[in-house]
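S.K.: Handing you this structure, nothing more for now.
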Amino acid sequence: MDFLSDTLILSRMQFAFTAIFHMLWPVLTTGMAIYLVIVEGLWLKTKNPDYYHHARFWSKLYVLNFGIGVASGSPMAFQFGTNWAPFSESVGDFFGSVLGFEATMAFMLEAGFLGIMLFGWQRVNPTIHYIATICVAVGANLSTFWILTANSWLQTPAGGDFVDGKFIVKDYFAAIANPFMLKSVSHMFLATLETSLFVIGGISAWYILKKRHQAFFAKSFKIVLAVAIAITPLQIFVGHLSAEQVYHHQPTKLAAMEAQWETIPAGEKADWSLLAFPDKKTENNKWEITIPNAFPYILEFKSRLSEPVLGLKEWTPENRPRMVGLIYYSFRLMSGIAFVLVGVMLVSAIQWLRGKLSEENIIQQKWLMISWMWCAPLGYLAVESGWIVRCVGRQPWTVYGEIRTADAVSNLPAGDVLTSLTIFICLYTVLFFSALYFGSRIIAKGPKFDLPLPEDDKDLPVEVDSAQHIPDSRPI
């Protein structure tokens with residue numbers, strides 16, 4: 001229990017816990033916002049009331065996730081000042097401004113138009129309402145861009161120099177467009193969308209199995225399946241590109257992802273470790289299951305490596321990631337889930353082509369519906385695992401190669417950090433079960449089909465009371 005008296009470990013645990021919890025909510029809102037744009041656009045084009053009721057129903061789950069996301073995300077920003085003050089002082093000129101862009105540019109755009117999207121159905125023209133929904137979706141995904149830009153800069157700092165421990169920005173746009181940025185933003189955008197598709201599809205499958213509004217939810221199921229056909233294989237390809245950038249820019253992380261202790265020279269074949277038990281004390285794997293000569297194909301689509309893959313032994317223990325087993329299995333969990341989702345998508349697409357997903361036949365696809373329900377939480381696991389690989393694999397650096405995590409933590413009493421961590425655990429537990437309770441109530445109640453349709457061709461009534469002059473009776 002020595003870690004209870006270590007400020008660094010407790011501060012890392014606190015940030016990890018708040019980050020893992022917070023990530024659960026924007027993952028769904030960013031992807032579901034795009035789905036809301038799709039269904040509302042279909043309603044405007046076809047005037048089919050089912051699409052209107054889809055927009056109204058799914059927006060309830062959207063706003064629930066949005067609220068929990070705001071409540072859980074705000075403390076994360078404050079931790080940079082409380083628990084990581086030396087880090088903030090060193091890189092605040094760039095890192096702080098990027099986080100400020102996320103709050104003022106992205107979050108305010110999303111929050112500003114959210115009220116119109118939720119309550120403006122009978123108050124504004126349908127076209128104006130659709131523009132508001134688009135602005136909410138743009139704001140939600142713009143948050144992804146700025147957050148991933150900031151985190152990518154921690155992985156591959158660019159655009160300036162560190163002078164006496166402080167980052168001096170020389171080229172702001174070069175710092176934003178750092179080597180990790182483009183692929184990281186793309187990978188996360190697809191992850192949020194893919195997760196949202198399988199959550200919406202899983203909930204739709206539940207309704208179909210329960211024989212509740214089968215025709216209605218068959219529409220939402222086929223909408224997300226149509227998008228998933230394009231997104232799920234693309235996500236695997238972009239994920240491979242993200243692994244390639246780790247190969248070129250963060251060799252220690254790649255070595256930990258593959259539990260590779262010895263260096264593999266260029267031009268050689270190499271086995272790929274499918275499962276292993278890394279042991280940092282003996283600096284080897286106690287046991288492992290390998291696929292012969294598969295590593296170059298997985299890494300470069302070649303039979304032999306064009307560049308060497310450095311092993312963990314190339315660095316001293318203090319300069320390489322310590323939790324190799326966590327990184328190793330988190331990477332495999334994320335990758336395995338990606339292929340599972342592709343498999344479910346392929347089976348679903350085949351059944352669709354065979355005419356098995358029609359409103360009359362879809363109820364007969366029991367096991368397919370069950371598989372979608374089981375896949376609903378898998379996207380969350382993949383996203384969380386990916387962030388573990390991304391951030392734990394960066395250690396022992398907060399800014400890769402520049403600022404060590406041990407030098408970035410605030411000088412706080414360990415007891416204070418333990419107290420705040422305990423409070424966060426209690427509050428976030430309440431938020432989590434509250435979200436489950438209200439989310440389950442929304443799903444159990446189902447869509448409301450008696451909501452009036454917005455009128456497109458008529459002027460919306462505007463009630464204005466005539467002003468009445470009230471004399472000023474205050475004493476001089």
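The values are calculated or read from the model by the stated rules, or taken from the named source; none is laboratory data. Here the structure is a predicted model, which means the values were calculated and not measured. Note: ideal-geometry Cβ built from the backbone for every residue, glycine included; neighbour counts use all protein chains shown. Heads up: the accessible areas ignore ligands, DNA and RNA and are worked out on the full protein's heavy atoms, side chains in. Shrake-Rupley method; radii C 1.70, N 1.55, O 1.52, S 1.80 Å.
S.K.: Scan the helices (runs of 4 or more DSSP H) fully inside segment 93-178 and keep the ones with 1 or more residues being among the acidic types (Asp, Glu).
M.R.: Per the criteria, 108-119.
S.K.: Still on this structure, please answer the following. Scan the helices (runs of 4 or more DSSP H) fully inside segment 327-425 and keep the ones with 2 or more residues being closer than 30 Å to Phe167 by Cα and of a type outside the set (S, T, N, Q).
M.R.: Because the criterion is at least 2 residues that are closer than 30 Å to Phe167 by Cα and of a type outside the set (S, T, N, Q), the helices (runs of 4 or more DSSP H) in segment 327-425 that meet it are 378-392, 405-408.
S.K.: Quick one: would you say Thr104 is farther than 30 Å from Gln14 by Cα and among the hydroxyl-bearing types (Ser, Thr, Tyr)?
M.R.: no
S.K.: What helices (runs of 4 or more DSSP H) completely inside segment 183-300 contain at least 1 residues that are out of contact with any His (no Cβ under 9 Å at 6 or more places or on another chain) and under 30 Å from Asp450 (Cβ atoms)?
M.R.: It comes to 214-249.
S.K.: Does segment 307-337 hold any residues that are among the charged types (D, E, K, R) and open to solvent by less than 30 Å² (accessible area, probe 1.4 Å), and which are they?
M.R.: Arg320
S.K.: Continuing with this model, one more query. I'm trying to understand the selection: among the residues of segment 417-454, which are surrounded by 14 or more Cβ atoms within 10 Å (Cβ to Cβ) and closer than 18 Å to Trp84 by Cα?
M.R.: Val417, Leu418, Ser420, Leu421, Phe424
S.K.: Related question: Given (1) at pLDDT below 90; (2) in contact with a strand residue (DSSP E or B) (Cβ under 8 Å, 6 or more places away or on another chain), identify the lone condition not met by Lys170.
M.R.: (1)
S.K.: Which one of Ala276, Ala256, Ala228 is surrounded by 18 or more Cβ atoms within 10 Å (Cβ to Cβ) and at pLDDT below 90?
M.R.: Values: Ala256 fails: at pLDDT below 90; Ala228 fails: at pLDDT below 90.
The unique qualifying residue is Ala276.
S.K.: Related question: Tally the residues that are touching a Ser or Thr at 6+ places or on another chain (Cβ under 7 Å) and among the aliphatic types (A, V, I, L, M), restricting the search to segment 244-265. Spell out how you get there, then give the answer.
M.R.: First, pick out the residues of segment 244-265 that are touching a Ser or Thr at 6+ places or on another chain (Cβ under 7 Å): 249, 258-259.
Filter once more, keeping what is among the aliphatic types (A, V, I, L, M): 259.
Counting residues in segment 244-265 that are touching a Ser or Thr at 6+ places or on another chain (Cβ under 7 Å) and among the aliphatic types (A, V, I, L, M) gives 1.
S.K.: Pick from segment 401-416 the residues that are surrounded by fewer than 20 Cβ atoms within 10 Å (Cβ to Cβ) and in contact with a Leu (Cβ under 8 Å, 6 or more places away or on another chain): which of them is farthest from Met257 (Cα to Cα)?
M.R.: The residue in question is Ala414.
S.K.: Residues in segment 259-273 that are of a type in the set (A, V, I, L, M), in contact (Cβ under 8 Å) with a residue 40 or more places away in the chain and surrounded by 14 or more Cβ atoms within 10 Å (Cβ to Cβ): how many?
M.R.: Summing the residues that are of a type in the set (A, V, I, L, M), in contact (Cβ under 8 Å) with a residue 40 or more places away in the chain and surrounded by 14 or more Cβ atoms within 10 Å (Cβ to Cβ) in segment 259-273 gives 2.
S.K.: For segment 347-367, how many residues meet the condition of being without any contact (Cβ under 8 Å) to a residue 24 or more places away in the chain and within 29 Å of the chain's Cα centre (by Cα)?
M.R.: Looking only at that region, the number is 2.
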